[in-house]
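Worksheet: the structure to be examined is printed underneath.
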Amino acid sequence: MKKTFLLAAVGVLAAICAQADDKTQTGTIISESSVSCGSKLEKKKQTELLCQEYVVRTDTTDYHIRQMKSVEKELIPINTPIEFSLDKDKIKFKAAGKSYEYIVVSEAAAAADTAAKPSLR
């Protein structure tokens, strides 16, 4: 009896953990900027490397994400809807049929939309 209960509890716990790992969210890329992400030395000349940094907005949060390597040169258009999942400090998402993996640099509460709220006069 105890073995069956223990086995059932382990099964339920495994199912809950599997669901927790597969939480995808939706958001929109609202801005892009080039930021410094290091430098390299070529022929005694220091060259600054630039990476793209995007802001992904969900209903409640703005995520600032950055390329993992500066060699990834493909730009993602603004206002692109994405479906993503977070794993510690990484964000994995799909946009326009391609998969990407970026680093989450920071996050903040999404700005309240003041245009939609009536004034209190």
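The values are calculated or read from the model by the stated rules, or taken from the named source; none is laboratory data. Just so it is clear, the model here is predicted, and its values are computed rather than measured. Positions of Cβ are backbone-derived with ideal geometry, glycine not excepted, and every protein chain shown enters the neighbour counts.
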Would you check if G27 is in a strand (DSSP E or B), at pLDDT below 85 and surrounded by 10 or more Cβ atoms within 10 Å (Cβ to Cβ)? no
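I need a count of the residues in the stretch 51-75 that are among the β-branched types (V, I, T), buried (at least 17 other Cβ atoms within 10 Å of the Cβ) and either in contact with a Ser or Thr (Cβ under 8 Å, 6 or more places away or on another chain) or not in a strand (DSSP E or B) (or both).
2
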Hits in the stretch 79-108 (condition: of a type in the set (S, T, Y) and surrounded by 15 or more Cβ atoms within 10 Å (Cβ to Cβ)): T80, Y100, Y102
Working only within the stretch 61-92, note down all residues that are closer than 22 Å to L50 by Cα and among the aromatic types (F, W, Y). Y63
Kindly provide the set of residues from the stretch 30-70 that are under 12 Å from the mean Cα position of the chain (by Cα) and at pLDDT 90 or above, ordered by number. E53, Y54, V55, V56, R57, T58, T61, D62, Y63, H64, I65, R66
Can you pull out every residue in the stretch 88-108 that is of a type outside the set (V, I, T) and either at pLDDT 90 or above or touching a strand residue (DSSP E or B) at 6+ places or on another chain (Cβ under 6 Å) (or both)? D89, K90, K92, F93, K94, A95, Y100, E101, Y102, S106, E107, A108
Return the pairs, sorted by first residue and then second, in which the second residue is at pLDDT 80 or above and among the polar types (S, T, N, Q), the first residue lies in the stretch 60-81 and is over 18 Å from A96 (Cα atoms), the beta carbons are less than 7 Å apart, and the residues are 6+ apart or on different chains. H64/S106
